[in-house]
Amino acid sequence: MTKFLLAVHVLAAIVAIGPVTVAASMFPPAARRALAAPDDTRAAETVRLLHRICRVYAAVGIAVPVFGFFTASAMGVMGDAWLIASTVLTVLAAIVLVVLVLPRQEILVEGTGTREATVRLAMFTGVFNLLWAVVTVLMIVRPGSTTGA
């Protein structure tokens, strides 16, 4: 059962978190293009699509920590420091996404943002992606693991 849970956890991370990190990273430059050419409907459509991808996959991303906790419980590692650190960083990443990234994207989708807003959004997106990168490394390396990694 542990292998199944781990496989679902990893697949959920790839399928849910991957698209959010890529779409969120693509959003600021796309928003800059849309702001520079307000009559370009294709640029506006791209911005709306990237925002929708971020929202939908953020919601689907809830599966990652849910299956992560089931997996950790089955593996008996709930109290391990690497898992606690990963959990804290995952919560921080979710907060950055929900509080700092998605609302700023929404403003830009509505066409009321500025070029400077895209720069701040890019910074918050970078923080979000960095948090996920650290969580991924912690999940792979797992300090104290007996797998030899």
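Results, tabulated for the structure shown:
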| quantity | calculated |
| --- | --- |
| Translational D in µm²/s for segment 94-134 (Stokes-Einstein at 10 °C, 1.306 mPa s, Kirkwood Rh from C-alpha pairs) | 154 |
| Neighbourhood net charge (13 Å Cβ-Cβ; Lys/Arg +1, Asp/Glu -1) for VAL20 | +2 |
| Histogram of C-alpha separations across segment 77-149, 5 Å bin width, % | 3, 16, 21, 17, 13, 10, 8, 6, 4, 2, 0 |
| Accessible area of segment 54-119 belonging to carbon and sulfur atoms, whole % at 1.4 Å probe | 73 |
| Segment 1-119, relative contact order [Cα under 8 Å, separation at least 6], % | 37 |
| Solvent-free Debye scattering, log10 I(q)/I(0), computed from the Cα coordinates of segment 3-71 at q = 0.11, 0.19, 0.20, 0.28 Å⁻¹ | -0.35, -0.70, -0.74, -1.07 |
| Estimated FRET transfer efficiency (VAL98, PHE4; beta-carbon r; R0 35 Å; 0.05) | 0.75 |
| Given charges at Cβ of Lys, Arg, Asp, Glu: the chain dipole, positive-most of MET123, LEU11, THR90 | LEU11 |
| Å² of accessible area per residue within the chain, as computed with a 1.4 Å probe and no ligands counted | 57 |
| Rounded accessible area of VAL98 (nearest 10 Å², 1.4 Å probe) | 90 |
| C-alpha long axis of helix 81-95 to longest principal axis of the chain, angle in ° | 20 |
| √(5λ) per eigenvalue of the Cα gyration tensor, the chain, largest first, Å | 35, 14, 11 |
| Net lengthening on full extension, GLU116/LEU49 (0.36 nm per residue, minus Cα-Cα) | 22.0 nm |
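The values are calculated or read from the model by the stated rules, or taken from the named source; none is laboratory data. Fair warning: this is a prediction, and the values are worked out from it, not measured in the lab. No Cβ is skipped: glycine too gets one built from the backbone with ideal geometry, and neighbour counts run over all protein chains shown. Surface accessibility is based on the protein's heavy atoms, side chains included, excluding ligands, DNA and RNA. Shrake-Rupley method; radii C 1.70, N 1.55, O 1.52, S 1.80 Å.
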